[in-house]
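Visitor: The structure under discussion is supplied below as structure tokens; questions concerning it will follow.
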Amino acid sequence: MSINFGKIMDTLGLDTRADEFTYGKDDRFGILSNAKIPEKWVKTTCGYCSVGCGMEIGVKDGKAITVKGDPDHPVNDGKLCPKGLAEHYIIDAEGRAKYPLIRGWAGFNKASWDDALDTFVTKVKDVQERYGPSSFAVLSTGQLVLEEFYALGKLVQLGFSTNNYDGNTTLCMASAVAGYKRSFGSDGPPGSYEDLEKAETVFLIGANIADNHPILAYRLFKNTSQNPNTKVIVVDPRATKTAMMADVFLPIKPRTDVYLLNGLAHLMIAEGWVDEEFVRKHTTGYDELKEHLERYTLPHVAKVTKLTEGKIYETARAIGTSKSTFFAWTMGVNHSTQGTETVNAINNLALLTGNIGREGASPFSITGQCNAMGSREASFTSSAPGYRKFESKDHRKELAAMWNIAEEELPIKRGLAYPDIIKGIIDGEIKALWIIATNPLVSYPDQARLKEALSKLEFLCVQDCYHPTPTSEIAHLVLPAAMWGEKEGSYTNSERRCSKANKAVEPPGSAKSDFDICLALAEKLRIREKLYPGWTTPEDAFNEWRQVSKGRLCDYSGMSYERLAEGPIQWPSTEEDPYGGDRLYKDGKFQTENARAKFFCIRNELPPEEPDSEYPFLLNTGRTVEHWHTRTKTGKVAILEKSQPEAWIEINPKDAKKLGVQNHDRVKVQSRRGQVDGLRVRATSIVAPGQVFVPFHFFETNVNNLTLDDACPISREPNFKQCAVRIER
Ligand code: SF4
């Protein structure tokens, strides 16, 4: 590698193993020097992103006063990123939701849990009696623990008889989920972070890990510092911090990824780099793919993608000739109307080169939230629990028997996904909505349309750790939830690794864990024993989930709270082989009917909106390392908020000159759907001419006033990444 990463890593992965760091001798952020000495340390897992770093919370006088990385956790070697390092501040932050609140004529009134839950059940049942069971919908998030997802899925489906339930996957990983299902027959990232560390070639597409998954940037750094011949390839329209870590940076023209992926696949065939034996034994559709790829010649692909032939060839050669390639992606791929098919095109490349099921070799979606995987596996959203198929009678029969219910109580297809729930509200089909631990009035695209939808609801309940949030402010009922550090359960990270999340302190006021809220609602519905037989603790839910997942790809049966106390475990984990879940498909057998993976012939489609004379810039959105999603948490942490207090707009210096603006000027940005005022200009070559970038965390200057809610027809994931805007001083 030609680049020294030391400096980059200084700001990304902070080593908190040394005690002197925690106690202020090496207090680089100046946030810990006043920390008192904790009375005890509670091991847990970070509650922000899907990297899933192990950490310990320092507790004194019943308060979380500090955190440090867990040196024994296999994910992070004791390191934490800036968000994790300041995570204890979110617990005692201003604006915690402490008591249930019911909206009256003059605003919110404090209520008892009994009254709040009666209100919830009465309102939802009233709506369902008048408009039918599916007039009630639920939006949750990857922030809950796995036990809560499992409990919630049962409650929504069996207690409230609706499957219009989205776990927020649709705003995040739905395209990866759908892509895995199509290519391999099941959801489930095949590889491990260890593969990122061992790969000879690392191909990152639409994944700015340095900002979004900083400890993975550290794991990549470990690879390149130990293996100087490792080739890092980054495909991104922006020259991100991650791009600066690349040997080959491909600044691709937005939404031409499928061209590039097809062009690389074409070169694998043309240059004889296909793993013929793997393809012959373990795949279907190769002949059709070969024919389909004929037109993706190097000159053609270079012309469309605006990349040089030399760089495309160098990339192809690195993938085609190295022992192992790790293909990782995140929102730059998923957030697209062609997200699922782009995932399939990545999977094609991995299959062609036999890069799956072995060390260093995997297609790999880097998940978003700390427990997005738990939602995918257990919650009844994109699949029935245990990656069962809604459509399969056998699967329904099996689940019904385990739950001691009639098979007819289970849905035969998935319910409405997030954008379709919003459309359902606008069309008058959905009248009541329960939003759990998410904040759509910042995070959902096309805010004007969302506001129109939410204003039509007869009943909106928001369950969150904080109040007010932009979304909780408009609710009819607010249910206060315990947060990370205040409850017990488990999170499963991007590499299928399940880690314990433990309780260190009590929740404020009368806030309850989402798990206890599910139990209390089931009690109100008089079905607690039916849904949750004998359950009193999250461990009871986990033990039932172990049985429900047994024999499935996402098998947790070899795990237990006792085993997890010794360290995190990857699934599949069976009783016979509890620790054998390092990677999937090691035997080349996939979850399809004929056990073979499938190739897909994908054609590049144009984005739903492109720049024109009226709206001449292409807007891209994304994150920054200091903040988490809608800033409900990180906006309350002084060190993070002061580091990045506002949104900005990146404009190429050539465009800035044409617009007559310079660094720090404020501009108005408009799209066909809305506008944002007062964005501060960063004139920078990080973005190419004709493109602009705005981070999506900020309610005050919400870029989602501008974005489109057009979604991938297969996964229903919205196209957050490209829309046309104009800019005025
Ligand atoms: Fe690790 Fe992600 Fe938490 Fe940062 S936010 S400490 S990378 S889990």
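Visitor: Given the condition under 30 Å from ASN212 (Cβ atoms), of a type in the set (D, E, K, R), outside the structural domain of GLY489 (by TED's automatic domain parsing) and out of contact with any strand residue (DSSP E or B) (no Cβ under 7 Å at 6 or more places or on another chain), answer yes or no: does some residue in the range 45-57 qualify?
Guide: no
Visitor: I need the full set of residues from the range 451-499 which are within 16 Å of the ligand (Cβ to nearest atom) and of a type in the set (Ser, Thr, Tyr), in order please.
Guide: Scanning the range 451-499 gives SER490, TYR491, THR492, SER494, SER499.
Visitor: Using the structure shown, decide if VAL51 is out of contact with any Gly (no Cβ under 7 Å at 6 or more places or on another chain), touching a residue at least 60 places away in the same chain (Cβ under 8 Å) and within 14 Å of the ligand (Cβ to nearest atom).
Guide: Spelling it out, VAL51 is indeed out of contact with any Gly (no Cβ under 7 Å at 6 or more places or on another chain), touching a residue at least 60 places away in the same chain (Cβ under 8 Å) and within 14 Å of the ligand (Cβ to nearest atom).
Visitor: Which residues, taken from the range 480-516, are hydrophobic (A, V, I, L, M, F, W, C) and within 24 Å of the chain's Cα centre (by Cα)?
Guide: ALA481, ALA482, MET483, TRP484, CYS498, ALA501, PHE515
Visitor: In the list LEU433, LEU454, which residue meets the criterion of being under 25 Å from GLU700 (Cβ atoms) and without any contact (Cβ under 8 Å) to a residue 60 or more places away in the chain?
Guide: LEU454
Visitor: Does GLU646 qualify as being free of Cβ contacts under 8 Å to residues at least 24 places away in the same chain, charged (D, E, K, R) and open to solvent by 20 Å² or more (accessible area, probe 1.4 Å)?
Guide: no
Visitor: Across the range 67-100, what is the total count of residues that are within 11 Å of the ligand (Cβ to nearest atom), in a helix (DSSP H, G or I) and open to solvent by less than 10 Å² (accessible area, probe 1.4 Å)?
Guide: Residues meeting the conditions: 4.
Visitor: Related question: Taking ASN355, is it under 30 Å from VAL156 (Cα atoms) and in the same structural domain as GLY285 (by TED's automatic domain parsing)?
Guide: For ASN355, the condition - under 30 Å from VAL156 (Cα atoms) and in the same structural domain as GLY285 (by TED's automatic domain parsing) - is not met.
Visitor: With the requirement that a residue be open to solvent by less than 10 Å² (accessible area, probe 1.4 Å) and over 30 Å from GLU56 (Cβ atoms), what does the range 447-502 give you?
Guide: GLN447, LEU450, ALA453, PHE459, LEU460, CYS461, VAL462, THR471, SER472, ALA475, LEU477, VAL478
Table: residues versus (1) away from the ligand (no atom under 16 Å from the Cβ); (2) surrounded by fewer than 22 Cβ atoms within 10 Å (Cβ to Cβ); (3) at pLDDT 95 or above.
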position	(1), (2), (3)
LYS7	yes, yes, no
THR16	no, no, no
LYS25	yes, yes, no
LYS36	yes, yes, no
CYS46	no, no, yes
GLY58	no, no, yes
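Visitor: Right, next: Name the pairs: first residue in the range 527-555 and on the phi < 0 side of the Ramachandran plot and hydrophobic (A, V, I, L, M, F, W, C), second residue part of a loop (DSSP other than H, G, I, E, B) and open to solvent by 50 Å² or more (accessible area, probe 1.4 Å), Cβ to Cβ under 8 Å, at least 6 apart or on different chains?
Guide: Listed pairs, sorted by first residue: LEU553/GLN591.
Visitor: Now for a separate question. Select from the range 205-244 the residues that are within 16 Å of the ligand (Cβ to nearest atom) and touching a Phe, Trp or Tyr at 6+ places or on another chain (Cβ under 8 Å) and list them in ascending order.
Guide: ALA207, LEU216, ARG219, PHE221
Visitor: Also: For the range 294-316, which positions are touching a residue at least 60 places away in the same chain (Cβ under 8 Å) and under 15 Å from ASP257 (Cα atoms)?
Guide: Once the filter is applied, which keeps residues that are touching a residue at least 60 places away in the same chain (Cβ under 8 Å) and under 15 Å from ASP257 (Cα atoms), the range 294-316 yields VAL304, LYS311, ILE312, THR315.
Visitor: Within the range 540-553, can one find any residue that is assigned to a strand (DSSP E or B), open to solvent by less than 30 Å² (accessible area, probe 1.4 Å), over 13 Å from GLU148 (Cα atoms) and among the hydrophobic types (A, V, I, L, M, F, W, C)?
Guide: no
Visitor: Condition (residue is assigned to a loop (DSSP other than H, G, I, E, B) and either open to solvent by less than 10 Å² (accessible area, probe 1.4 Å) or within 16 Å of the ligand (Cβ to nearest atom) (or both)) applied to the range 516-528: is it met by at least one residue?
Guide: Scanning the range 516-528, I find no residue that is assigned to a loop (DSSP other than H, G, I, E, B) and either open to solvent by less than 10 Å² (accessible area, probe 1.4 Å) or within 16 Å of the ligand (Cβ to nearest atom) (or both), so the answer is no.
Visitor: Then there's this: Can you tell me which condition GLN691 does not meet? The list is (1) more than 15 Å from PHE617 (Cα to Cα); (2) touching a residue at least 24 places away in the same chain (Cβ under 8 Å); (3) in contact with a helix residue (DSSP H, G or I) (Cβ under 9 Å, 6 or more places away or on another chain), and all the others hold.
Guide: (1)
Visitor: Between a first residue in the range 365-377 that is touching a residue at least 24 places away in the same chain (Cβ under 8 Å) and open to solvent by less than 10 Å² (accessible area, probe 1.4 Å) and a second residue that is among the aromatic types (Phe, Trp, Tyr) and within 11 Å of the ligand (Cβ to nearest atom), which pairs have beta carbons less than 7 Å apart while being 6 or more apart in sequence or on different chains?
Guide: Qualifying pairs under 7 Å: CYS370/TYR48; CYS370/TYR491; ASN371/TYR491; GLY374/TYR491.
The values are calculated or read from the model by the stated rules, or taken from the named source; none is laboratory data. All figures in this text were calculated on a predicted structure; none of them were measured in a lab. Counting neighbours? That spans all protein chains shown, and the Cβs are built from the backbone with ideal geometry, glycine included. For accessibility, only protein heavy atoms count, side chains too; no ligands or nucleic acids. Shrake-Rupley method; radii C 1.70, N 1.55, O 1.52, S 1.80 Å.
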